Amino acid sequence: MTFLATVTAVVAARYFTLDRALFLAQQRAVYAANLVPLLFHVGGGVLALATGPWQFVPGVRTRYPAVHRTVGRIYLLGALAAGTGGLLLVPKGLYWPVAPLGFAALATALLVTTGKAFTAIRRRAVAAHQRWMVRSYALIFAAVTFRLWLAAGSGAGLPFDLAYMSGAWLSWTINLLVAQRLVARLGSRRRTAR
Ligand code: HEM
């Protein structure tokens, strides 16, 4: 997960070169005309994607709580920027309405789960904070599953528009289902430890 997240973050960071030849070909003109929300979105996404996996390493959390808190704040700002920037890009998205509405639902779910994780830890509810963060990161990780889905679709000969529209919904719903299973397993492990 960490490897795939880091590779996707590095590849996405190419937008900061401002070299339009490196932009998604189908959206080159649209992105060039909306650079501010795009870079806000990509910058936040890159930060959240790259920092998230380290927050789940138990050794870092217990031995260096100050590092966990600082990286957590960076993740929070990244997820906020990715979500709000994503919502700003929705009206300009490819294949309206199917794909952009999928991304709008993803952005909303990301903002809600990340907000819940933040309010849980402010109340010192550690278990709830962990559950909401697993869900939040599963949604951020949709950036990876979406691109894997596009690559697999192209390998299987699926037309790009079909792969893009289905991926805009499946990339995050599948991740959220996996997150729910992880959360359930965490819960039963905690109960047996008691
Ligand atoms: C999790 C919430 C996210 C939402 C709601 C979201 C939404 C969107 C939307 C609506 C677009 C425009 C799509 C279009 O033109 O059709 C977009 C593009 C883009 N997003 Fe996200 N995104 C999310 C996460 C991320 C993350 C974590 C990254 C970091 C890797 C990222 C990187 C990009 C990039 C690089 C583009 C430009 C298109 C491309 O080159 O693939 N996004 N996103």
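The values are calculated or read from the model by the stated rules, or taken from the named source; none is laboratory data. Treat the numbers as computed from the prediction; the structure is a model and nothing was measured. Every residue, glycine as well, gets a Cβ built from its backbone with ideal geometry; the counts of neighbours run over all protein chains shown. SASA here: full protein model, heavy atoms, side chains in, ligands and nucleic acids out. Shrake-Rupley method; radii C 1.70, N 1.55, O 1.52, S 1.80 Å.
Side notes on the structure shown:
- Contour minus Cα-Cα distance for SER188 and GLN27 (0.36 nm per residue): 53.4 nm
- Degrees, to the nearest 10: 98-122 long Cα axis against longest axis of the chain: 20
- Principal-axis tilt of helix 2-12 within the chain, Cα atoms, nearest 10 degrees: 30
- Karplus-derived HN-Hα couplings along segment 22-28 (A = 6.51, B = -1.76, C = 1.60, θ = phi - 60°), whole Hz, x at Gly and Pro: 8, 6, 3, 4, 5, 10, 4
- The residues of segment 2-193 have, on average, 54 Å² of accessible surface per residue, using a 1.4 Å probe with all protein chains present.
- Applied to segment 160-173, the Karplus parametrisation 6.51 cos²θ - 1.76 cosθ + 1.60 on θ = phi - 60° returns per-residue 3J(HN,Hα) values of 4, 5, 5, 4, 5, 5, 5, x, 4, 9, 6, 4, 9, 5 Hz, with x for Gly and Pro.
- In this calculation the C-beta distance from HIS68 to LEU162 is compared with R0 = 41 Å, giving a FRET efficiency of 0.50.
- The Cβ shell under 15 Å around ILE140 holds other residues with a net charge of +3, Lys and Arg each +1, Asp and Glu each -1.
- A DSSP coil position with no more than 14 other Cβ atoms inside 10 Å describes the following trypsin sites (Lys or Arg not before Pro) in segment 37-131: ARG123, ARG124.
- Taking each residue as 0.36 nm, the span from VAL11 to LYS92 lengthens on full extension beyond its C-alpha to C-alpha distance by 27.0 nm.
- For the chain, the fraction of 1.4 Å probe accessible surface lying on carbon and sulfur atoms is 70 percent.
- Our estimate of slack between LEU18 and ARG123, defined as 0.36 nm per intervening residue step minus the Cα-Cα distance, is 33.6 nm.
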